[in-house]
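Encoded as structure tokens, the structure appears first; notes follow it.
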Amino acid sequence: MRLPLAMPLSLRVPLLVAGLMVLMGIVASQLVLSALNRAQVRQLTDLAEIEFRALSTSLGPYVQRDDIWEMFDILDRATLREGSFRPISAALVDARGRVMVSSLPEAHPIGSNGAGLVEEAIRLDDIRFDAASERIAVRNTVVWQGRPLGQLVIDFDVQEFAAERRRALFSLLLGNAAAILILSVAGYALMRRVLAPVRRLTREMEQPGGTPQPIAEALIPARDAELAQLYHNYNGLILAVQARTATERRLAERERYVSLGRLAGGLAHEINNPLGGLLNTVDTIRTYPDRPDVVRDSAELLERGLKHLRDVSRTTLDMHRNDDGASPEKVQLALQDFDDLHLLIRPEIERKAQILDWRIEADGSCCKGLPAGSVRQIALNLLLNAAAVTGPGGKLGLRVKPDGDSLCLCVWDAGPGFSDSVKPRLLSDEPVEPGGGLGLRVVRDLVKSLGGTIDLGRSVHGQNEVRVRLPLRGRHV
Amino acid sequence: METPWLVSRRGILAAFTGLAAISAASGAKARAALRFGLTPVFLDNDWQLLERLSAHIEESTGLGIEYVQRRTYKEVVALLLLGEIDAAWLCGYPLLQYPNRLEAVAIPLWQGRPLYRSYLITADDRTVEDFAALRGDVHAYSDPDSNSGHLVTVARLLELGERPEQFFARTFFTFGHRNVVRAVARRLARSGSVDGYVYDALAATEPELLARTRVVWRSEWHGFPPVVVGSEARGTRAEALLLRALFDITQTEAGREVLRMLQLDGFVPPQPDSFDSIARLMRLVSERG
């Protein structure tokens, strides 16, 4: 018997117990019935022997004298007796197979053929009992004073024996059914009780929408060492997962600060560059306050410089706002964000004297529905990574283009490509090995959260390229 | 309900027990008691009936009575001839076999007459209308010495020009008229010869048994089975007392009860020609050649 594997253990075990009980019940019932059958056959044989002995003794002298009436009267009286095992009919058949007399003369008249009666009857020393039959015909030779006089065939009523067997069978069935039912229910209840701690563990692990929590020490069953060990192991596992998650979060934070630090360096450089010119312009205004043209030109110069500084600071603020988590997801991506990105990355590029290929091929409508903060973070991290792996004077680039229902961000560089140890950070959820940055894992997490995909490939110029496809119209996971 | 006096074999066993008690009680009176022979051929014993008969005889005459039961007429006749018993209720046929040793002293009245007849009976569902149709039957007689249960049928066959031993395929004796009715009702025999008085009396006591049979032929009237005394008992005081008790049977309550149970009307002295018809049948059989 194969039980469906999907069936809970608390049902499977009682069902198995019930199955075994049924099997045991069948075997036990067979043994009981067979013992009962043997006992009944013994009893039948004993009773039949007594009956034959008594009738043979009574009939003997009358058979010898051919006294039909007395023979009939003896057989007739024997069939009128009450009792659980009584002759229903009896017939005496002579050596030539003719009926000498029968208690049912209508069915077996005197002188009729009685060979069939004898043939159908079983021998007294070979009584068998078929449970279905309510009568059995038994034969034996009537011997009087050492002389065989004929075959006496007695049809015995065995209804009571059959009924007894039916009652035994019924009792066995009823008893077995009751035992199976009781044991199954008890087994089910017992299994429910035994498995209760396991179910609790399962519930804890299946916390909908939440992270699994360690089970309180008070709830750990102290008496069951195995279960207590299981609970402790589970708690250990949960704590390990929580620790790892916390570590990853800290590493991600650090990475963000590192990138911010690098950006801040670039930013300082970006601010510092115009600052010298701006201060010079202030000096010029001070030197020539009475020359309106010089003042005007200087003011314009100052305005441009300050505007640039404003742009730089605004972009940084935007990034910061993102970092603060002030609902960055509500700010939708616009083409302006790519300009900001360009502004942010440019100092780093210039510092390394690298060549940046910047192609924004999408229009504003292609960006709708995507959160600005996440997309900027993805692009910035990939560009910083590209700048890092590309040597001084090397080439790298960004290409943004619509791709069906997605927006495709392609970042390529002239670097050597991702090593096997780095690829999983970008392409899988495997735990991050210590020793490397988390920028790429942050990219993966963000892309995943936006329902997008990441592929590695070759750019049109044959360089290594990371392609990020982000689905539009808010199909975020 | 009337107490049946034609009872089963189990009744006979009970009757024997009763008889033993009566015999033991009367033992003290020793030879003063009258020894009375019975067979189940005619009178299927009922101890209540016998007790009442004893009570009546004792009440009306002071005579004690001892019943002696035998299976066949022949056995009872032998006891009469040996003087072992004083009187017996016999059939006319054995009486006539020993005219010098046995004498009929009283005849019962049945339906007002001292006469009865023999019936030939068969199964109720059998469509035969005459004697000849019974050829080849298994036939039940009551007693070899019974007039109605044997002699009449044999004589009738001879009158018809048949050979009695060949007319029926098989015959057997049941030693009781009631047993003949049982044998036919149970289909052990296809036909039987039975006393008409016993057969009609069964209509009151065992109608369901009778319902499975029907009468095919009725014989002429014959003298009713009489009370017979042996030559040793003839002229004795016991005989005189017995006769007085029988002729005065209506005088006591017990006697009237006996008559009611036997469905008889009384007893009368026999006439010289009472058994002539039986004698004629006997001659017919003996002259068969």
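No lab work stands behind these numbers, since they all come straight from the coordinates. Computed from a prediction, not measured in an experiment: that's the story for all the values here. Don't worry about glycine lacking a Cβ; one is built from the backbone with ideal geometry, like all the others, and counts go over all protein chains shown.
Summary of the geometry: the stretch A:10-69 and the stretch A:212-256, compared by the centres of their Cα atoms, lie 69 Å apart. B:Phe267 sits among other residues whose Cβ lies under 11 Å from its own Cβ, and their net charge, with Lys and Arg +1 and Asp and Glu -1, is -1. Taken over the protein assembly as shown, the convex hull of the Cα atoms encloses 376 Å³ per residue. When you filter the GluC sites (Glu not before Pro) in the stretch A:21-90 for DSSP loop state and at most 16 other Cβ atoms inside 10 Å of their Cβ, you are left with A:Glu82. Of A:Ile355, A:Gly415, B:Val68, which is farthest towards the positive pole of the protein assembly as shown's charge dipole, taken about the Cα centre with +1 and -1 on the beta-carbons of Lys, Arg and Asp, Glu respectively? Result: A:Ile355, furthest along the dipole toward the positive end. The phi-based Karplus calculation (6.51 cos²θ - 1.76 cosθ + 1.60; θ = phi - 60°) puts the 3J(HN,Hα) values of the stretch B:264-272 at 10, 10, x, 10, 10, x, x, 9, x Hz, whole numbers, x for Gly and Pro. With kT/(6 pi eta Rh) evaluated at 4 °C and eta = 1.567 mPa s, and Rh the Kirkwood radius from Cα pairs, the stretch A:65-123 diffuses with a coefficient of 109 µm²/s according to Stokes-Einstein.
Each peptide in B:82-94, A:455-467, A:236-248, B:165-177 receives the mean, over its residues, of other Cβ atoms within 10 Å, and ordering these scores from highest gives B:82-94, B:165-177, A:455-467, A:236-248. Ranking B:Val198, B:His150, B:Thr213 by Cα position along the charge dipole of the protein assembly as shown, where only Lys, Arg, Asp and Glu carry charges on their C-beta atoms, puts B:Thr213 farthest toward the positive end.
Amide H to amide H distances under 5 Å link A:Ser112 with A:Val99, where only residues 5 or more positions off or on other chains count and H is placed in the peptide plane. Over the stretch A:303-471, the ratio between the Cα radius of gyration and 2.2 N^0.38 Å evaluates to 1.01. For the protein assembly as shown, the mean residue ellipticity at 222 nm estimated from helices alone is -17000 deg cm²/dmol, where every DSSP H run of n ≥ 4 contributes -39500 (n - 2.57) and the total is divided by all residues, rounded to the nearest 500. When its C-alpha radius of gyration is set against 2.2 N^0.38 Å (N residues), the stretch B:168-246 gives a value of 1.49. Here the stretch A:9-172 has an Rg and Dmax of 21.2, 81 Å, counting Cα atoms alone. Near B:Leu115, the amide H atoms lying under 5 Å from its own belong to B:Trp110, B:Phe224; only residues 5 or more places off or on other chains count, and H is placed 1.01 Å from N. Compactness of the stretch A:37-86 was expressed as the Cα radius of gyration divided by 2.2 N^0.38 Å, which yields 1.34. If you wrap the Cα atoms of the stretch B:128-215 in a convex hull and average its projected area over all directions, you get 5.1 nm². Put a plus charge on the Cβ of each Lys and Arg, a minus charge on the Cβ of each Asp and Glu, and nothing anywhere else: the dipole of the protein assembly as shown about its Cα centre is then about 2020 debye.
Ordering A:Pro392, A:Gly83, A:Val282 by Cα displacement along the dipole of the protein assembly as shown toward the positive end leaves A:Val282 in first place; charges were set at the Cβ atoms of Lys, Arg (+1) and Asp, Glu (-1). Considering every alpha-carbon pair of the stretch B:129-176, the percent of pairs per 10 Å bin, from zero through the bin containing the longest distance, is 27, 60, 12. Overall shape of chain B was characterised from the C-alpha gyration tensor. The equivalent ellipsoid obtained from it has semi-axes of 32, 21, 16 Å, in decreasing order.
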